[in-house]
Every structure is written in C-alpha cells, then in structure tokens.
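The values are calculated or read from the model by the stated rules, or taken from the named source; none is laboratory data. Everything numeric in this text was worked out from a predicted model, so none of it was measured. Note: ideal-geometry Cβ built from the backbone for every residue, glycine included; neighbour counts use all protein chains shown.
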Amino acid sequence: MRTSIFRMHVPTFCRAVVGATALVALTLTGCDTESKPFTATESASSLPEVSQANLSQSKALRASRKNKFKARLSDYELFIGPMKDLAPAHDVIEYELNTPLFTDYAQKQRLVRLPVGTAATYTPQGPLDFPVGTIIAKTFYYAHDLNDLSKGRRLIETRIMEHQESGWIGIPYLWDEDQSDARLAITGGTVEVTWKHTDGDVRTNAHAVPNLNDCKRCHTGSTMQPIGPKARNLNRDFVYADGSQNQLVHWAKIGALEGLPELDTVSQLAVWDDNSTGSVNDRARAYLEVNCGHCHNPAGPARNSGLHLNAEADHPYRLGVFKTPVAAGKGTGGRLYAIVPGKPHESIMEYRMQTVKAGEVMPEFGKALVHKEGLALLQQWIAEMD
C-alpha cells in the first residue's frame, strides 16, 4: 500500500482515485479541493468509484448556479389559488394530447405560457415553433383511485421546459408532502406511489423524477425541443370555460398561434385507446410516434439503429418488419427481427415493451412498469400484419 503524497481536504465520496487522475476526478465532481491537512492511506483498489450519478448531479448543480433557476414552482406564477388545485393563471393555456406518453400510469396536466404579444407558429411536422420566453409545464400526479377520481390525487413532480435565447432547457420540480408547492429538484429523485387501478387492484411504483441532465435523454434531436405539442397531436377538442373547441382553432382565435391552415388540411393523430379515432394501424402508429418516435427517427438519438417509428416513417423495413437489430444485445430477447408479421411473440418490439430489465426496456427512461394496454395494442397490430 502506498501513502498518497497529496495533502488536501477531500470529501469521502470524492476519494475515487489517487495519483495522476485525482485532480481530474475532483474537478469533474466539483469537489472542494481547498488545502487542508489529511493523510490518505487508502490503496487505489479500496477506494469507491466516481459514480455517473455523482458526475451528473455535479454538472446539474453547476448548471443551476449558472442559470439561476427559480427555487420554487410558485415563482413561475402559473397557477391561481391553492397550488394543489392546478388552476391555470389567466395567461396560461391548458392543453391535452390525442395520444400522450406513457409514464407508469401517471396522469398529467399540461400548460403553456407564451410571452406577452407573441404567438407560436404552425408547423406541419414536429412541435410548434414556440417563441423565446415560452414556458411549458407538465405536472405528474397519481389519482388515489382510478375508478373514483373524487377521492383525490397526489402531485409528484412538475417538469418545466423553458425556451431561452440559447435554446430549450428542462428543469425538474418535486412537490412537497403537503402539496402546497414544488421545489427545485436539480438532482431528481424517486417517489414511492400507491393507487387503486381500474381493475380494482392496489398498485405501487417507484416514480422516477429526472435530474436536470436527464431531460436531454428524450427531448434531444438535432436540438433540445418539446415532444408532445405537435399540431397533429394537439388537433382535438378541449373544454374551455366558454365551451368546447378545437385546440388549434382556439389558440389561433386568442392570438397564441399563427399560420394555421384550414383545419381539414391538418393531420390528426389517433387516440391510441379509442377505436373510434382510427384503425388498429392508426392507433398503434400513434402510440409508437409518441412513446418511441422522439428517439427513433432519422434525426433522433436512436437514428443509428435504422428503426424509425415517427409518424412520417412509411417503409416497412424502417418500421422494423424483418429488420435485424444493429446493437440490441440482450434486448432482443433471443429474437431475430424487430417485427415478424403475424407473430408478435417472435418480434423484438414486443419483447422490449414487455420487459422492465435495465438495458432492455423500451422506452429506456421513465418506465418501470409494463404498459399492459399499450402492449396489447402493439401485439394486435403485429398479429394482423400480412
């Protein structure tokens, strides 16, 4: 065992390495390297590793100091009245999506605030073009009983997306136990939740709250951007105070959206669990677009896989039909092709949706439970393929 020649104060979790790489590790983790006496007698093999979590948390903390994020959700003034009621302020627009992202059965409220005197611009593909200064808020909560919503809910987290001059940035907030406000959660967290499901069974889950850097894992294509508010996913009715109206039409009416063409020319994503909105193919493609297409598209983080699951993809092979994986490893479940028409149980896509094993589950982040209803839809879609 060699005694280190360094004499500096190093917190325990920072003592990851000795020798030439010590200062690099200390710099990356943001550790205090103020000169204070201590004697390090640990051997390199006895020292804990610098975890990726520590590195991510340190980067997030430095980003927090640089950007001076708001400490509380209430600082955004998105709500009126008690925060737990989630009543939008007068300059905030609430919206819904035809097909939302599945997040372990969490329910969500979606809000957007545009800077005064500005409007989003219609785009036929991709998210609407929101002006700098836009705030998008998504609050995750669990109803105590999905068969009786009058029994209340528990608010878990709110994710803010803010459009700054340098681009979009995601900021997580974790709700207090008393549900009065949410606090900045730079390093994320895990919240144990329990609810009664639609089948009457009591279910539990460890809901993962992302850290500051995690937002980029899903919201990054060529640049970081919103995922949900695309024209085709917003093209639906919403019940406003003065009655029901198509969301896109309403936004245009109040000056929040410009460039909207005739509504009958705007595509509309099917509602994944409503067979009145489209065929099995339409609804399965909508589900894949929202849950997988933000990564699996020609410009997304998973573009190298060659598997394209965005709504615009139209080639069977790119959708996975008899497509071999590029580098799925154990994620194949021992199966050969992403999709084998007529045989869901031989398709990798089915396996990736029905597993929750790390490194194999898809989507790879924000999912700890199997979405049984979504899985059933994809199984039917594959089974009915010629």
Handout entry: Some residue of region 280-291 being farther than 25 Å from P229 by Cβ and at pLDDT 95 or above
Key = yes
Handout entry: Any chance G334 is of a type in the set (G, A, S), assigned by TED's automatic domain parsing to the domain that holds G306 and either touching a strand residue (DSSP E or B) at 6+ places or on another chain (Cβ under 8 Å) or not in a loop (DSSP other than H, G, I, E, B) (or both)
Key = no
Completion exercise
Output for Cβ contacts, cut-off 7 Å, separation at least six or different chains, first residue assigned by TED's automatic domain parsing to the domain that holds R154 and more than 25 Å from F69 (Cβ to Cβ) in region 177-206, second part of a loop (DSSP other than H, G, I, E, B) and of a type in the set (D, E, K, R), reads N205/D104
Practice task
Would you mention how many residues in region 306-331 are free of Cβ contacts under 8 Å to residues at least 40 places away in the same chain and either of a type in the set (D, E, K, R) or not in a loop (DSSP other than H, G, I, E, B) (or both)?
Solution key: 9
Practice task
Say whether the condition of being small (G, A, S) and modelled with pLDDT of 90 or more is met by at least one residue in region 345-360.
Solution key: yes
Exercise for the section: Among what's in region 52-69 and is under 23 Å from the mean Cα position of the chain (by Cα) and exposed (fewer than 15 other Cβ atoms within 10 Å of the Cβ), pick the residue that is modelled with the highest pLDDT. Expected result: K68
Completion exercise
Residue hits (region 131-154; crowded, with 17+ Cβ neighbours inside 10 Å, hydroxyl-bearing (S, T, Y) and either at pLDDT below 95 or outside any strand (DSSP E or B) (or both)) are T134
Handout entry: Test: residue in region 235-243 that is outside the structural domain of M353 (by TED's automatic domain parsing), loosely packed, with under 13 Cβ neighbours inside 10 Å, aliphatic (A, V, I, L, M) and at pLDDT 95 or above
Key = yes
Exercise for the section: For A106, indicate whether it is touching a Leu at 6+ places or on another chain (Cβ under 7 Å), surrounded by 13 or more Cβ atoms within 10 Å (Cβ to Cβ) and at pLDDT 95 or above. Expected result: no
Handout entry: Condition met for E289 (more than 19 Å from the chain's Cα centre (by Cα) and among the charged types (D, E, K, R))
Key = no
Practice task
Could you please find all residues in region 337-365 being crowded, with 18+ Cβ neighbours inside 10 Å, touching a residue at least 24 places away in the same chain (Cβ under 8 Å) and touching a strand residue (DSSP E or B) at 6+ places or on another chain (Cβ under 9 Å)?
Solution key: A338, I339, V340, S347, I348, M349, E350
Practice task
Could you please give the count of residues in region 155-179 that are part of a strand (DSSP E or B), polar (S, T, N, Q) and closer than 30 Å to R203 by Cβ?
Solution key: 1
Handout entry: Filter result (surrounded by fewer than 17 Cβ atoms within 10 Å (Cβ to Cβ) and either within 27 Å of W195 (Cβ to Cβ) or among the aliphatic types (A, V, I, L, M) (or both)) within region 111-130
Key = V116
Exercise for the section: May I ask you to say which residue of R236, R232 is among the basic types (K, R) and in contact with a Leu (Cβ under 6 Å, 6 or more places away or on another chain)? Expected result: R232
